[in-house]
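Since the structure comes first, as structure tokens, the remarks are kept for the end.
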Amino acid sequence: MDEATTPLSSFERMLGRAATERERVQLRRVQAELGLRENDALWLVIFALQYYEGLYRQFPKAIAAEANRVLAETRTAAEATIRAGAESAKADLAKAIATTAREVARDVARRQMIQWLVVGMLVGAGLLGVGEYIGAHSGT
């Protein structure tokens, strides 16, 4: 039989590529085990099964590649989220520190104002007392 019309060349036309050595050996082994002749109609079924077996063999690689891609995208997104969260936390912390500093400064200023007010009142009371004392002793 001419190579262009052999069942194996039909299989290769169906694949759209040359059969690998592994595929050739596997097809010949099936042919020998089942006692198939080159023109046996069962060859078409065997070709289809072999074709789909080759496709199914590619799935784990494709799934692994897609899983790696998704993992990389997820990692990138998570890192961006973490960076954004850290920047937000820094901004919140800076805002909280500024607010606390203003409150502390206001409290210190209020305390100092109260102290000066008390001192002023005491000085005023003292001056008033001295004035009364002087006024009471100067008219005699």
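Some points to look at:
- Qualifying position, being surrounded by 10 or more Cβ atoms within 10 Å (Cβ to Cβ), at pLDDT below 95 and assigned to a helix (DSSP H, G or I), among ALA64, ALA136: ALA64
- The numbered conditions (1) without any contact (Cβ under 8 Å) to a residue 40 or more places away in the chain; (2) surrounded by 10 or more Cβ atoms within 10 Å (Cβ to Cβ); (3) part of a helix (DSSP H, G or I) are all true for PHE47 except (1).
- The sole residue among ARG57, ARG75, ARG83, ARG37 that is part of a helix (DSSP H, G or I), under 30 Å from GLY16 (Cα atoms) and among the basic types (Lys, Arg) is ARG57.
To keep it simple, each residue is scored yes or no on (1) more than 30 Å from ARG13 (Cβ to Cβ); (2) more than 33 Å from the chain's Cα centre (by Cα); (3) among the basic types (Lys, Arg).
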site: GLN31; (1), (2), (3): no, yes, no
site: ALA48; (1), (2), (3): no, yes, no
site: ALA65; (1), (2), (3): no, no, no
site: LEU93; (1), (2), (3): yes, no, no
site: ALA101; (1), (2), (3): yes, yes, no
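The values are calculated or read from the model by the stated rules, or taken from the named source; none is laboratory data. Note that this is a predicted model, so its numbers are computed, not measured. Every residue, glycine among them, receives a Cβ derived from its backbone with ideal geometry; neighbour counts consider all protein chains shown.
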